[in-house]
1. Report, in whole Å, the centroid distance computed from the Cα atoms of segment 61-96 and segment 1-45.
2. Which of rounded, prolate, oblate describes segment 51-108, given a ≥ b ≥ c as roots of the alpha-carbon gyration tensor eigenvalues and a/c under 1.5 marking rounded, otherwise prolate only if a/b is larger than b/c?
3. How many lysine pairs are close in the chain, with Cα atoms under 21 Å apart and the two 8 or more places apart or on different chains?
4. What is the spin-label model distance, in nm, from LYS105 to GLN20 if the labels are put 7 Å beyond Cα along the C-beta direction?
5. Based on the alpha-carbon gyration tensor of the chain and its eigenvalue square roots a ≥ b ≥ c, which shape applies: rounded if a/c is under 1.5, prolate if not and a/b is larger than b/c, or oblate?
6. Separation between the SER41 and SER88 pseudo-spin-labels, each 7 Å from Cα along Cα→Cβ, expressed in nm?
7. Ignoring any ligand, DNA or RNA, what whole percent of the accessible area of segment 33-105 comes from carbon and sulfur when the probe is 1.4 angstrom?
Amino acid sequence: MINIAIIDDDKTFCDDFKEQIDNSYNTDCYYDINTFLESVSSYNIAIIDIMLGKDNGIDIASAITEKYPNIKIIFISVEQDFFQDVYSVNHLYFLVKPISNEQLKQAL
């Protein structure tokens with residue numbers, strides 16, 4: 001089974017998004033990056049919000065992929081302005097909130 005981590009400081013969005021993801025994936029929510037970093041090695045895919053409070057999801061993803069090169073990154077954001085910035089990190093997809101089921105299906 002594929003293990004997915006959603007990292008988003010908006011607890012309501014994270015919990016709702018977890019429910020939106022197909023049950024054929026094992027999915028966990030993390031509301032802060034430090035908790036996620038303690039268990040990053042057990043995930044195949046990390047879905048990371050670009051704006052994580054004072055943290056930058058792009059910088060965090062860059063550090064994660066350096067240490068865990070096999071993890072796949074999907075960025076999410078309410079802002080489309082980041083679409084060029086995400087290309088500094090190897091990633092699968094960039095999704096803009098609200099995320100439709102069709103967009104999610106394509107990304108996964």
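The values are calculated or read from the model by the stated rules, or taken from the named source; none is laboratory data. In this text, all values refer to a predicted model and were calculated from it rather than measured experimentally. Cβ atoms come from the backbone with ideal geometry, glycine included; neighbour counts cover every protein chain shown. What goes into the accessible areas is simple: the full protein's heavy atoms, side chains included, and nothing from ligands, DNA or RNA. Shrake-Rupley method; radii C 1.70, N 1.55, O 1.52, S 1.80 Å.
1. 15
2. Here segment 51-108 falls in the oblate category.
3. Close lysine pairs under the 21 Å cut-off: 9.
4. Distance between the two pseudo-spin positions: 1.4 nm.
5. rounded
6. 2.8
7. Exposed carbon and sulfur together represent 47 percent of the surface.
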